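Student: Shown below is the structure under consideration.
Taken together, the values in this text are just the output of simple stated rules run on the coordinates, not laboratory data. A quick note: this is a predicted structure, and the numbers were derived from the prediction, not measured. Ideal geometry is used to build each Cβ from the backbone, glycine not excepted, and the neighbour counts take in all protein chains shown.
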Number of protein chains: 2
Amino acid sequence: MQSKELTEPASGPLQAADMRRPATLVDVAFAAKVSIATASRAINGRRYVSDDTRAQVLRAAEQLNFRPSSLARGFRAQRSQTVGMIVPDISSPFYAAALRGAQHVLSRQGYTVLVCDTEEQPQREREALDLLTGQRVAGLILAPVASDHANLRQVLARQPMALVAIDNRLEGRPTDTVLVDNVEGARTLTAHLLEHGHRRIGHISGILSETSGADRLIGYQQALADADIDFDARLVAEGDWSEAGGYAQAMRLLDTANPPTAIVIASSLMAVGTLLALRERNIPVPGSIAVACFDDAPWAPLIEPSLTALCRQDYALGAAAAELILVQLGAKTPRTEREHRLPMTLVVRRSCGCNGEISPLTQPA
Amino acid sequence: MQSKELTEPASGPLQAADMRRPATLVDVAFAAKVSIATASRAINGRRYVSDDTRAQVLRAAEQLNFRPSSLARGFRAQRSQTVGMIVPDISSPFYAAALRGAQHVLSRQGYTVLVCDTEEQPQREREALDLLTGQRVAGLILAPVASDHANLRQVLARQPMALVAIDNRLEGRPTDTVLVDNVEGARTLTAHLLEHGHRRIGHISGILSETSGADRLIGYQQALADADIDFDARLVAEGDWSEAGGYAQAMRLLDTANPPTAIVIASSLMAVGTLLALRERNIPVPGSIAVACFDDAPWAPLIEPSLTALCRQDYALGAAAAELILVQLGAKTPRTEREHRLPMTLVVRRSCGCNGEISPLTQPA
DNA sequence: TTGTAAGCGTTATCAG
DNA sequence: CTGATAACGCTTACAA
């Protein structure tokens with residue numbers, strides 16, 4: 001008795017393209033003179049639609065500029081075509097590149113990426129989690145800062161959601177994880193400085209409560225052990241990844257009774273701080289103190305002296321995390337490991353004491 | 001006759017917190033022994049709810065770990081609490097910082113940010129627009145690359161949506177826009193090199209079909225005109241913002257009959273390319289050729305010679321764009337201009353010929 | 001092959 | 001102040 005009203009949009013059929021309301025499936029069905037079900041099937045490329053009908057519907061959709069509402073779809077599916085990404089600082093080149101990689105992979109499968117920048121605050125990490133939970137994201141790529149993940153566990157208990165940790169391991173919960181091979185990287189850097197003949201090698205570490213920071217320290221210790229050198233805790237200064245932190249910790253090491261002749265630094269930003277400290281003290285690099293660090297950057301070959309650094313593949317890291325999300329969501333992708341550990345490559349320049357060349361470009365795209 | 005079934009969730013009341021389905025308003029209402037309508041009012045802090053009832057509802061919500069579904073809300077409102085951001089390269093420090101600024105402002109108002117990276121391809125810009133349109137984003141922050149915005153206009157005709165352009169003007173359509181003062185910046189750089197006594201100043205420009213590239217060229221020309229110097233088109237080489245482009249265009253300028261004695265470069269990345277070219281040719285900087293560029297970077301003080309550059313406030317740019325979105329959405333925010341032109345400040349270092357100091361830090365946070 | 005109708009969670013309208 | 005109910009756009013059993 002009311003089938004006419006049902007197929008016809010409340011505000012009348014769409015005739016002009018300048019209507020103030022996005023076209024809906026009802027509009028399309030009406031224009032193509034079919035039922036909504038048929039229109040839906042045609043749009044989604046399902047079987048059991050005659051070629052004629054399909055063409056008709058697609059033409060109508062085209063004409064009306066129809067864009068299926070992801071909101072309605074997600075609402076019905078109880079899950080949005082959306083993946084959240086929570087990072088401590090999206091303006092950091094590492095996370096920005098990782099985001100790019102993730103977004104590249106995900107957008108190809110029709111997902112969009114919701115970014116949340118926690119500004120390094122656990123409080124904001126919790127807020128972000130709530131926000132994304134409310135959005136019913138299908139998956140979450142998380143670069144954890146807070147070590148307390150009670151609320152994360154709580155959320156996941158009620159919300160089935162693909163989860164991949166990046167950069168740091170998520171302790172206390174088996175989770176797909178993508179990170180760089182921090183232990184091996186630190187071994188490589190330290191071993192390289194050992195090859196230059198250094199025996200008193202310092203380490204400006206990252207934040208040690210983060211697994212990446214801890215792992216880098218472990219690698220440094222392993223390399224020393226491999227060379228039969230006793231570990232001296234006085235040669236380790238805990239930084240906070242930042243340039244200012246690197247500066248401060250470098251000063252601390254320089255002010256010890258017996259300063260190192262070489263330093264392994266856990267980030268290039270801290271290396272910059274260190275170089276500034278050394279410059280201030282008029283200590284020649286690599287002459288009096290050699291330096292090698294993590295996290296190569298585009299400017300590493302240009303500074304004085306050019307930085308010997310480990311190159312990480314941030315884009316690949318984000319892309320790998322996204323792939324893992326897709327795997328968990330059952331999308332079509334190759335099966336992958338539980339913990340991806342991406343290798344890093346040493347880019348030898350001059351700060352370590354080598355005669356590094358002047359290379360025009362540094363990081364692979 | 002069925003009110004019992006309606007207030008009680010289909011799968012039975014929620015008792016344990018480990019249910020496999022997020023709590024809904026129905027669950028909360030049931031637990032608080034009120035109607036869904038009342039529960040909704042209580043949750044949303046609306047009037048006409050007794051304090052007792054409200055407390056009861058909030059307690060139930062808390063217990064059940066209730067997170068209102070943004071999907072359902074958005075679906076009902078025909079608009080998500082979401083703002084899209086389309087940029088050509090999110091791993092570029094400028095866009096990354098702008099994203100951070102935007103996300104900071106928007107998340108404080110309960111919005112989340114959907115990022116799309118177009119990888120500089122107009123095709124992907126169109127796809128991103130479709131994706132975000134489907135998501136029924138409330139607003140869109142767009143850093144345009146494609147000059148053809150026909151489809152954008154088409155989309156906007158049917159979808160009411162807050163829109164703010166950043167970085168480049170969106171020609172042919174009055175749009176809120178936030179950009180840096182490109183003309184003034186180029187004038188400043190050029191004038192500074194003029195003060196050093198240079199009369200033959202070249203320009204490695206950005207992409208001239210983008211308004212930022214065009215404006216920078218205009219500023220360069222204006223400064224020359226102000227100094228009564230005739231414009232010589234042979235001194236302008238159109239780059240593409242990239243390091244490789246800067247290298248190539250620098251070589252081109254060097255290979256002309258009468259090379260410039262100073263160069264204004266439209267981006268720091270291109271300046272790096274230029275410096276590498278000059279180094280390759282053994283041309284001392286600033287001795288034989290002085291250099292000054294746009295887009296200061298953290299590593300600018302560390303390279304050899306340290307770069308004289310214009311500092312842009314990317315974070316502020318993103319934040320301003322977000323504010324404009326909020327204004328358009330009628331949220332509570334101060335009224336703002338139609339076109340924001342953020343000033344840039346000249347950071348004098350050594351590549352221009354000044355005796356720039358070694359500053360420990362560069363960019364303001 | 002096509003059509004009908006239920007239902008996803010929320011808010012708004014209207015009746016009590 | 002509170003409760004019942006319709007509606008938002010879409011997918012999907014199920015019916016034809």
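Student: Using alpha-carbon positions, what is the distance between the centroids of segment A:163-238 and segment B:22-94, in Å?
Tutor: A separation of 44 Å, based on Cα centres.
Student: So what are the ³J(HN,Hα) numbers for segment B:29-35, from phi and the Karplus equation (6.51, -1.76, 1.60; θ = phi - 60°), rounded to whole Hz, Gly and Pro as x?
Tutor: Calculated HN-Hα couplings, in order: 4, 4, 5, 8, 6, 9, 7 Hz.
Student: Looking only at the protein assembly as shown, where both bridge partners belong to it, what percent of the DSSP beta bridges are antiparallel (to the nearest 5)?
Tutor: 15 percent
Student: Of all the C-alpha pairs in segment A:16-68, what % are more than 18 Å from each other?
Tutor: 20 percent
Student: Percent of alpha carbon pairs in the protein assembly as shown separated by more than 51 Å?
Tutor: 20 percent
Student: Same structure, new question: Convert each backbone phi in segment A:164-172 into a coupling constant with the Karplus relation 6.51 cos²θ - 1.76 cosθ + 1.60 (shift: θ = phi - 60°), then list the ³J(HN,Hα) values in order as whole Hz, x for Gly and Pro.
Tutor: 9, 8, 10, 6, 10, 6, 9, 5, x
Student: Also: Pull up all non-local amide H partners of A:Ile263: gap of 5 or more, or a different chain, and H-to-H distance under 5 Å with H placed in the peptide plane.
Tutor: A:Gly202, A:Ala290, A:Val291, A:Ala292
Student: Just to confirm the numbers: B:Arg21, label point 7 angstrom along the Cα-Cβ line, distances to the other copies in nm, shortest first?
Tutor: Label-point separations across copies, in nm and ascending: 3.0.
Student: Something else: When the convex hull of the Cα atoms of chain B is projected onto a plane and the area is averaged over all directions, what value comes out in nm²? Present the calculation step by step, with values, prior to reporting the outcome.
Tutor: On the way: hull surface 96.3 nm².
Mean projected area for chain B: 24.1 nm², to one decimal.
Student: Could you pull the Cα extents of segment B:182-312 along its three principal axes, largest to smallest, in whole Å?
Tutor: 32, 32, 26 Å, listed from the longest principal axis down.
Student: Nearest 10 degrees, 0 to 90: what angle lies between the long axis of helix A:211-226 and the longest principal axis of chain A (Cα atoms)?
Tutor: With rounding to tens, the tilt is 40 degrees.
Student: Along Cα-to-Cβ, 7 Å out, sits the label point; list in nm, shortest first, how far the one on B:Thr256 is from those in the other copies.
Tutor: The answer, with the shortest distance listed first, is 5.6 nm.
Student: Continuing with this model, one more query. Please find the FRET efficiency linking A:Ala157 to B:Arg281, where r is the Cβ-Cβ separation and R0 is fixed at 60 Å, and quote it to the nearest 0.05.
Tutor: For R0 = 60 Å, the calculated efficiency reads 0.40.
Student: Quick one: check the C-alpha center-to-center distance for segment A:249-291 versus segment A:298-327, whole angstrom.
Tutor: Their Cα centres are 24 Å away from one another.
Student: Looking at chain A only, what percent of DSSP beta bridges run antiparallel? Nearest 5 please.
Tutor: The answer is about 10 percent antiparallel.
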